[in-house]
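Notes follow the structure.
The values are calculated or read from the model by the stated rules, or taken from the named source; none is laboratory data. What you are looking at is a predicted structure, and each value in this text was computed from that prediction instead of being measured. Because the Cβ atoms are built from the backbone with ideal geometry, glycine has one as well, and the counts that use them run over all protein chains shown.
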Amino acid sequence: MTDTISFLLKVIFILENLNSELNVTLKKTEISAIILAGGIGKRMGRKNKGLLIFRGKPLIEHVIEKLHDQVSAVVISCNEELEQYRRYHYPIATDILNNDPSKTDNNEYNKEGNGPLAGLLSAGRKITTPYCFITACDMPFLPKTIVLDLASAIGDKDAISIKTRQGTEPLVSLVRTSSLQSIEHHLTSNRKSVKSWLATLSWTTLDSDSEQQFINLNHPEELH
């Protein structure tokens with residue numbers, strides 16, 4: 001009986017420690033952020049959205065301020081107005097696939113560009129932390145705890161995204177940086193949405209009832 005109790009206590013100890021390890025919250029030093037600012041703002045009159053003024057400063061500044069205390073580094077993905085973005089003193093990543101004729105002329109890739117996935121692939125090569133938070137430059141209302149909230153819930157998954165009553169927000173996601181390497185292969189299937197790529201990973205979601213914090217500003221009137 002004594003041996004059985006001793007054995008059971010050891011099993012309980014192992015399971016408790018295993019559970020604890022799986023639920024350790026990631027540290028800030030383990031997380032970087034990628035801010036996507038390379039898209040064409042068609043509904044904004046084809047202007048560079050990240051540099052449009054909202055409440056007295058460029059949209060991207062709102063995003064940077066929200067993320068600054070939550071991550072150890074930031075990479076900005078953009079293809080135009082590079083000098084304007086360099087003034088924030090963060091690394092700049094231009095789209096490798098969209099700007100490489102050997103790729104865009106290949107039938108494996110779409111000549112009109114590969115959207116945000118191309119930006120993530122390029123920016124990911126400048127990330128040195130094991131995890132990265134991905135978001136867009138036109139989301140000025142992000143919560144100041146969003147990265148840490150996702151980090152505490154990702155567990156052993158490759159990726160986690162916010163989910164509101166409006167649906168899943170693929171550009172409010174925390175992912176393992178190593179997972180970004182699979183984007184290039186994913187694009188050969190001509191699937192260009194971030195959501196379609198996330199679906200190929202071990203992916204989960206975190207529910208939120210604050211959908212207003214995750215809206216994108218897409219129309220000029222929303223800037224006033």
For the stretch 166-196, which residues satisfy the criterion of being touching an Asp or Glu at 6+ places or on another chain (Cβ under 6 Å) and either buried (at least 18 other Cβ atoms within 10 Å of the Cβ) or outside any loop (DSSP other than H, G, I, E, B) (or both)? Arg176, Ser179
Take the residues of the stretch 190-205 that are at pLDDT 95 or above and among the polar types (S, T, N, Q): which is nearest to Glu169 (Cα to Cα)? Thr205
Which residues, counting only those in the stretch 88-116, are modelled with pLDDT of 95 or more and more than 18 Å from Leu36 (Cβ to Cβ)? His89
So which residues in the stretch 187-224 are more than 15 Å from Lys163 (Cα to Cα), out of contact with any strand residue (DSSP E or B) (no Cβ under 8 Å at 6 or more places or on another chain) and aliphatic (A, V, I, L, M), if there are any at all? Leu187
Selection status of Gln212, loosely packed, with under 14 Cβ neighbours inside 10 Å, out of contact with any Phe, Trp or Tyr (no Cβ under 8 Å at 6 or more places or on another chain) and in a helix (DSSP H, G or I): no
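Being of a type in the set (Val, Ile, Thr) and touching a residue at least 60 places away in the same chain (Cβ under 8 Å) is the filter here; which residues of the stretch 173-196 pass it?
Thr177, Ile183, Thr188, Val194
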Which condition breaks for Leu201 when tested against (1) touching a Pro at 6+ places or on another chain (Cβ under 9 Å); (2) under 22 Å from Thr128 (Cα atoms); (3) of a type outside the set (Gly, Ala, Ser)? (1)
Test for Asp138: is it buried (at least 20 other Cβ atoms within 10 Å of the Cβ) and either among the β-branched types (Val, Ile, Thr) or under 22 Å from His68 (Cβ atoms) (or both): yes
Pro170 fails exactly one of the following numbered conditions: (1) under 28 Å from Glu61 (Cβ atoms); (2) touching a residue at least 40 places away in the same chain (Cβ under 8 Å). What is the number of that condition? (2)
Identify the single condition in (1) of a type in the set (A, V, I, L, M, F, W, C); (2) in a loop (DSSP other than H, G, I, E, B); (3) farther than 21 Å from Glu61 by Cα that Leu206 does not satisfy, given that it satisfies every other one. (2)
Output for Cβ contacts, cut-off 6 Å, separation at least six or different chains, first residue at pLDDT 95 or above in the stretch 148-160, second polar (S, T, N, Q) and in a helix (DSSP H, G or I), reads Asp158/Ser179
So is Leu217 at pLDDT below 95 and surrounded by 14 or more Cβ atoms within 10 Å (Cβ to Cβ) or not? yes
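Kindly provide the set of residues from the stretch 136-150 that are closer than 19 Å to Lys27 by Cα and of a type outside the set (Lys, Arg), ordered by number.
Start the filter on the stretch 136-150 by keeping residues that are closer than 19 Å to Lys27 by Cα, which leaves 143-150.
Residues satisfying the conditions are Pro143, Thr145, Ile146, Val147, Leu148, Asp149, Leu150.
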